[in-house]
Every structure is written in C-alpha cells, then in structure tokens.
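These notes concern the structure reproduced below.
Taken together, the values in this text are just the output of simple stated rules run on the coordinates, not laboratory data. No experiment lies behind these values; they were computed from the predicted model shown. Note: ideal-geometry Cβ built from the backbone for every residue, glycine included; neighbour counts use all protein chains shown.
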Amino acid sequence: MTQKALKVQDQDVVRSTNEFLKQLLSSGKIQALLVPQSTPSKKVVYPVLIADPKKLHADVIAPVLPVATATMISKMTKIQPPSKPIGVVLRSCQIRALIELVKLNQANLTNIIIIGVDCPGTFPINIYADFPEKKTPTQVIVDMMTQKTTDAEQYLRSACQVCKDPIPMNADIVLGLYGTDIEKEIIIEAHTEIGKELLKDLNLENEKEGKTREKAVKDIREQKDKKRAAFLKQTEGINGIEKIAEFFDKCVNCHNCRQACPICYCKECLFDSAVFDAEAYKFIRKAENKGLVKMPSDALLFQLGRMNHMILSCVECGLCEQACPNTIPLMEVFIPAAENAQKEFTYHPGKDKTEKIPMIVYREDEFLEVGEK
Amino acid sequence: MSEEKNDHKTKVFEPKIVGFLCNWCSYAGADLAGTSRIQYPPNIRIIRVMCSGSVDSMYILRALLEGADGVFVGGCHPGDCHYIDGNYKARRRMVLLENILGTLGLEKERVWLRWISASEGQKFADTMREMTESIRKLGPNPIAKHWNL
C-alpha cells in the first residue's frame, strides 16, 4: 500500500477532492468516472457518470445515498463491462454490495477501478434535501469529522450509526478522511498495483506519518462497535410472532424496500407474480380457517421471504429502511437477523472477492445435527 | 382449524404437517410404505418435489404462516442425491431458515429435515409417527390464530 496526501485548498474539502478526481480523469488513464454529484437544484447528490472533466463537480463528502450505487454499476457492467478502465467512487457499503453482486453474477469488475471513500455516514434523503439548518449537510459532516460539533450525529441514518465497516475494503484507491484534519489534508492510499499506477503522475505529496490514520480507524471502529452492541441489545425485544406482526403492521406490501436493496436482483420477483392470486374460494377457505384474514395477506411472507433470500449478503446499507413509505425501522429487524445468519456461516459479505456465497457451497461434514437426529 | 380441535378438550390434537418429499428417494420411500401396507399417521400432506434442494425456504415459511403445525422435508441420504449435492444445499438452507424461525419466535422443532431412501418404507412410517407425536406435544402452531400477517 502506498500512502500519499492531498493538500486541501482554502479548507474546501469538496473542491479539493473534486480537483483530485479531475486530475485523474484528465490523465487519460480512465475514460469516465462515476461520482456522487449534486443535481442542479442542489437538493440531492446522485451517482453521475462523467466523461468530460469540465463537467465534473463531485461531492464525495455529501452525506446522502439516494440509490444503491452498486446496482447502477451492475446495470452498466452486467451485459458487457467497459473496454477501457472507468473509475467508480463508492462508500464502503456500496463496495461490499458490489462485491456481492459480482459473486451473484450480476456485475463485472473488468476495467472497474474502485475508488473508496471513508464514510462518515449519511442522512435520510428527505432530511438531506430539506436540511433544517443554515449550514449545508456537507458542512455539518465536515464539522463532525474535524470535531467542531457533533450536530451531524442526530441526523445519521440508523444503519450508518451502527455501521461496522465505515472504511472501504477491496478498493484500488481509498480517499482517507479518518486520521487527518480534512480541512487541511486528505490521505490518498493505493491498495492495488492499478491504484498505484493511477496515482503515479498526479500532483500529490508523500505522506510521512501513517500511524495517526491507523489509530483513528481503530477508534472509529470501536465507537461504532459500541453503538452496534447497544443497538443489538435494544432490538432484542422484537422477537416472536406478536412483536414481528406488530412491527410490520404498517407494511402495505409495496415492495419499495426490495427495489432499493442492492442485493435483491431478481428480474422477476416471486412476489410480483400471480402466485398469490387465486380463486375466490381459496381466500374464503383461508378466512374460514382463521375466522378472518387481512388483505393483502402476504405482507409478512414477503418480508420474511426477502429476508431469507438476501440476508447472508446483506451489507446493512439501510436503503430498504430509507425507501419505506411508512417509515418502518427495518434495520431493527434486519441488522440482528444479518448478524445471526452471517455468524452462523462465518460469512462477511463484501469482504473476500474469492469467497463464494454460502448457499452455493457446502461441506459434507457440516451441520450434522440438521437432517438426522 | 387446530383451534377448533382445541375447543373440544377431550379430542387429541391432530397436527397438520406439510411434507416436501424428493422425487427420487423420500417420495419413493413413502410410496413403498404405502404399497407395503405399513401404517403411519395420516397427518402429513405430501407434496412431491424434484429435490430437497429445490425446496425454497419460502415454501416452508408460507406453510407455517398459513397455519401448518409442522413442515417435513425429506431428501436422499447425504452422498446419494440424484443431483449430486442438492441435499447438502437443502441442509444449509435449513440452517438459515432456523435462524429466521428464531426471529419469528417459532420452535425450530416444527421443521424437520430427514434423509429417507427409496427402500426405507419402514423408516418413513416410523419418522411420520415420531414427528406427529413430537408436534402433538408442541401443540398447535401459534401463528395459526393470527389473521393480521
């Protein structure tokens, strides 16, 4: 790994990172960049694919994740990956989601240069778009990172508050925000040979001290782990059929959560099919069995079915929760479920590119207690 | 329906069990039990599937949410799968499902995965007896009375 430093001009971290990306794109070594960039209204920051360096106004700090960027990369690499390198700027959770999509044969990393950014967390899209403070959301996050105020913490999405991997893994280049005063300097790391090659001719300074970042990364992990443990403790009570039924009471079976999920990739979802339409007498029989039946009658089956299908690859990005029109705090059920299921198979989604997803591999001598007693 | 039975305290609770049996082994095992006239409790409703590995956990969850008291999945013995490794995959799925049943607060003993070969008619009958008794002890599926799922 090579570590370099990017000097921040006028304390403007957004402009300086943008300048860095502009240098990268102008170098001609990559033909396009997928970056988070504000829409003209400045209300939301979307992933934007940029070919012309003059049009590049990336905001890699903006604390918002409107859509799963990993899904966008799946869309543009699944049929045919690019013939020349393109760079994609991603948060840690989206890199992990992308790696899972690769394992699921839904994305192709050929000629994809992953540029990871240390993630301070994101706000719900509605709060970001209509921010209640005078400062911009980006400034609030920068103030949190430079330890001026902790205002940002109250806005963070619950998934971000308990994130276990805010530091990107499997990236070629990492923009390090932890362990540096980001209003003065940003750490740029090359984690692969390709990353090193790309950084070679750019206008960067050599980083001298590497220890501060290591410590800051350890600190932030510990801080998040503590919050996570408290979160898991606090959500323990959501268990059992009564509590689960109550939890999903507001679910209107709209499937927005599935739409937002980077892992749910099926082109034809069972729950959109006609499987749950049936002759009237079948519904009446069901009503007769229980005395009465709620319509639609498959909302909980959808939630549990979806959970069952994606939970081992769940990267806990929390986009399902953000997409819920009735603000069901889905992370309170999905994070504990992911924690348990992934522990069972000692699987860390997005960590190891070469590891196969647990449901397609097996060992003959495992789980012997299941199957025969 | 299990509720109805409970109203009459004198009547024993007859669990409803949905069974997914693989075409190549367990279904043939059940068939052998029938053609050999081996008696077993009639509590199981058998659905033939091509492989235990093809039983998506969704099928099992749906049966349970609709009020089945137990679900039985039967496959070939490890190493004998007609599709080489379907039953090993079924076993992994079962482990994942048990996790989700935990969230639902449902006893994992309501879902059984067993290996029954085509020649094991007696074993099929014995297993059915064992499972019916076991579920009878557990009592009716608590989900059955929930209509708001």
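Taking 16 Å as the straight-line reach from the Cα of A:Lys134, the aspartates and glutamates in range (excluding those fewer than 8 positions away in the same chain) are A:Asp143, A:Asp151. Taking every residue in A:360-368 and counting other chain Cβ atoms within 10 Å of its Cβ, the average works out to 4. Please state the relative contact order of the range A:262-370 as a whole percent: Cα pairs under 8 Å, 6+ residues apart? Across the range A:262-370, relative contact order equals 23 percent.
The sum of -39500 (n - 2.57) across all DSSP H runs of n ≥ 4, divided by the residue count of chain A, sets its helix-only mean residue ellipticity at 222 nm to -11000 deg cm²/dmol.
The relative contact order of chain B, computed from alpha carbon pairs under 8 Å that lie at least 6 residues apart in sequence, is 35 percent.
Using C-alpha pairs under 8 Å with a sequence gap of at least 6, the mean separation divided by the residue count of the range A:2-233 gives a relative contact order of 24 percent. Comparing A:Thr235, A:Thr138, A:Thr69 in a Gaussian network model of chain A (Cα springs below 10 Å), the most mobile by mean-square fluctuation is A:Thr235. Going by the alpha-carbon gyration tensor, a ≥ b ≥ c the square roots of its eigenvalues, is the range A:2-233 rounded (a/c under 1.5) or, if a/c is not under 1.5, prolate (a/b greater than b/c) versus oblate? Rounded shape, in that the Cα axes give a/c under 1.5. By the rule of a second cysteine Cβ within less than 4.7 angstrom, chain A holds isolated cysteines at A:Cys119, A:Cys160, A:Cys163, A:Cys251, A:Cys254, A:Cys266, A:Cys269, A:Cys314, A:Cys324. Extending 7 Å from Cα along the Cβ direction at B:Asp31 and again at A:Ile360 yields two label points whose distance is 3.3 nm.
Shape call for the protein assembly as shown from the C-alpha gyration tensor, a ≥ b ≥ c root eigenvalues: rounded (a/c under 1.5), prolate (a/b greater than b/c) or oblate? The shape class here is prolate. When both bridge partners sit in the protein assembly as shown, DSSP labels roughly 40% of those beta bridges antiparallel. For chain B, what class follows from the C-alpha gyration tensor (a ≥ b ≥ c being the square roots of its eigenvalues): rounded when a/c is under 1.5, otherwise prolate if a/b is larger than b/c, else oblate? It comes out oblate by the Cα gyration axes. Extension gain for the segment A:Lys84 to A:Val275, taken as residue separation times 0.36 nm less the Cα-Cα distance, is 64.4 nm to one decimal. Across the range A:214-227, rounded Karplus estimates of 3J(HN,Hα) from the backbone phi angles (6.51 cos²θ - 1.76 cosθ + 1.60, θ = phi - 60°) give 3, 5, 4, 5, 4, 4, 5, 4, 4, 4, 5, 4, 5, 5 Hz, Gly and Pro being marked x.
In the structure shown, do any of A:Lys4/A:Lys78; A:Lys4/A:Lys343; A:Lys75/A:Lys211; A:Lys148/A:Lys218; A:Lys43/A:Lys233 have a Cα-Cα gap over 30 Å, and if so which? Listed pairs above 30 Å: A:Lys4/A:Lys78; A:Lys4/A:Lys343; A:Lys75/A:Lys211; A:Lys43/A:Lys233. Scaled against 2.2 N^0.38 Å for its residue count N, the alpha carbon radius of gyration of the range A:83-185 is 1.21.
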